[in-house]
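Remarks on the structure that follows.
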Amino acid sequence: GDIHREAGFGISPVSYPFAVAGFISLQQPPGAIFNTFGIGSTLAYALWPERKIFVDGRLPVYGNDFLADYNRLLIENEFFDREAKRRRFGLAVVGHLNPSPAALREHLSPAADWTLAFFDVSAALFLPAGDPRAAELARRSLDEALRLPPASPRVAFATGRFLLPPGRRADSLRFLETLGRDFPSAVSVQAKLAQALAETGRWEEARRALVRAVADWDVGPDLALSLADSYFANRDFQEAAAWYGRVGPDH
C-alpha cells in the first residue's frame, strides 16, 4: 500500500513545519535563526515580523556569494560552527525531508554545542547546549512527540526516518516496525525498516524486510547492495554473490 498519499483538505504536517514554528513562537528561544531554505517560506509566514529567517526558496534574491556560503554551511562542519558563533545563531531549524541538509543534521544531532530540542515530521530544531532551558525543553518536547500516536502512516514514516540518523534507533524502530506489520507491501517502509534493523544488528530480520520490499518490485542497485550485504552478514554467501551480481559495475 502507498502510505504517502492521503485524501483530505488542509495543510499537510509532512510538508510544512508549522509545529516547529509554533514551538518557536511559544518558547521564544533568543538569538538569530538559522534555517534551511526548503522550510524558510513557512517559517517566514508563521514568524514574521517578530522573527527574521535566514533564507527561503527565493534563491535568486540572495546573490551568489550568500548562496555559496549557505552551501558551505550545509556540508562543512567547521565552517558552520564558526559562522554560528559569528552570526550568533540562537537556534538552527533544519529540514529533514529534503536530502541536501542531511550532513548538517547529522553534525548537529550529536554535537556537544547543540541540543535537539524539538522536531516535527518535516524539520528539526536545535538549541545551543549552553542554553539553560535547552535540556529541559528537549526532554519535555521529545517525550511528548514520542509518546503521542502518529496522526497518520505518513507521519509515522517521517518520524521513524528522522529518528534513525540521530541515533535514536529504538524509537525509530518502534514507528517503523508497526508500519512494517501494517503495510507489508509498502516498499519504502520495508526498505527503511531493513536499514533500521541492520543498524541494530538484527540482520536476519533486515533480510526478511528487504525480501518483502523487493518481492514485486524492480530492484535498483542500492537496494540490491543492501540485500547482498544482509545475506553476507548471515554467511549465506551463495545468495550474497547472486545479489552482488545484480548491483552493477558502477556501484
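By the compact-protein rule of thumb, 2.2 N^0.38 Å, the alpha-carbon radius of gyration of region 83-225 corresponds to a ratio of 1.15. Could you work out which residue, out of Val187, Val121, Val94, moves most in a Gaussian network model of the chain, that is, has the largest mean-square fluctuation with Cα springs under 10 Å? Taking springs between Cα atoms under 10 Å, the residue moving most is Val187. Largest GNM mean-square fluctuation across Arg168, Arg208, Arg147, computed for the chain with C-alpha springs under 10 Å, falls on Arg147.
Taking the Cβ of Ala84 as the centre, find all other residues whose Cβ is under 15 Å away and add up their charges (Lys, Arg: +1; Asp, Glu: -1). Taking every Cβ under 15 Å from that of Ala84, the sum is 0.
Send over the semi-axes of region 8-87's equivalent ellipsoid, whole angstrom and largest first, taken as the square roots of 5 times the C-alpha gyration tensor eigenvalues. Write out the running numbers ahead of the final one.
Values: eigenvalues 113, 52, 28 Å².
Whole-Å semi-axes of the equivalent ellipsoid: 24, 16, 12.
Enclosing the Cα atoms of the chain in their convex hull gives a volume equal to 157 cubic angstrom per residue.
What does DSSP give for the chain in terms of the percent of beta bridges that are antiparallel, rounded to the nearest 5? Expressed as a percentage, antiparallel bridges in the chain total about 70.
Over the chain, with a Gaussian network built from C-alpha contacts below 10 Å, which listed residue (Leu43, Leu173, Leu137) shows the highest mean-square fluctuation? Most flexible of the set in this elastic network: Leu137.
Computed 3J(HN,Hα) for region 172-184, one whole-Hz value per residue from the Karplus formula 6.51 cos²θ - 1.76 cosθ + 1.60 where θ = phi - 60°, is 4, 5, 4, 6, 6, 5, 4, 5, x, 6, 7, 10, x, glycine and proline marked x. Dipole check for the chain: with +1 at the C-beta of Lys and Arg, -1 at the C-beta of Asp and Glu, and the Cα centre as origin, the magnitude is about 540 Debye.
A crude spin-label estimate for the pair Ala233 and Ala32, with each label 7 Å from Cα along the Cβ direction, gives 4.2 nm.
Residues whose amide H comes within less than 5 Å of that of Thr115, counting only those at least five positions distant or on another chain, are Leu127, Ala129 (H built at 1.01 Å from N in the peptide plane). Using DSSP loop states and a limit of at most 15 other Cβ atoms within 10 Å to flag chymotrypsin sites (Phe, Trp or Tyr not before Pro), what is the longest stretch of the chain containing no flagged site? The longest such stretch corresponds to 10-216. With the helix formula -39500 (n - 2.57) applied to DSSP H stretches of n ≥ 4, the chain reaches a computed 222 nm mean residue ellipticity of -16000 deg cm²/dmol. Accessible area per residue for the chain is 53 Å², calculated with a 1.4 Å probe on protein heavy atoms, without ligands, DNA or RNA.
If you take the Cα Rg of region 153-223 and divide it by 2.2 N^0.38 Å, with N the number of residues, what do you get? Spell out each step's value before the answer.
On the way: Rg = 11.1 Å, N = 71, 2.2 N^0.38 = 11.1 Å.
Computed over Cα atoms of region 153-223, the ratio equals 1.00.
Rounded to a whole number, what % of the accessible area of the chain do carbon and sulfur atoms account for, probe 1.4 Å? The value for the chain is 54 percent carbon and sulfur by accessible area.
If you add up the charges near Ala117, with Lys and Arg at +1 and Asp and Glu at -1, over every other residue whose beta carbon is less than 11 angstrom from its beta carbon, what do you get? Don't skip to the end; give the middle numbers.
Working: positive: Arg133, Arg139, Arg140; negative: Asp131, Glu136.
Local net charge: +1.
Along the chain, counting only GluC sites (Glu not before Pro) with a DSSP assignment other than H, G, I, E or B and at most 16 other Cβ atoms inside a 10 Å radius, the longest segment between sites is 77-251.
For region 55-143, the calculated P(r) over all alpha carbon pairs, in 10 Å bins from 0 to the bin holding the longest distance, is 16, 48, 30, 6, 0 percent.
Over every Cα atom in region 127-180, the radius of gyration and the widest Cα-Cα span, Dmax, amount to 12.5, 39 Å.
The values are calculated or read from the model by the stated rules, or taken from the named source; none is laboratory data. All of these numbers come straight from a predicted model, not from anything done at the bench. Neighbour counts are summed over all protein chains in view; Cβ atoms, including those assigned to glycine, are modelled from backbone coordinates with ideal geometry. Remember, those area values only see protein heavy atoms, side chains included, never the ligands or the DNA or RNA. Shrake-Rupley method; radii C 1.70, N 1.55, O 1.52, S 1.80 Å.
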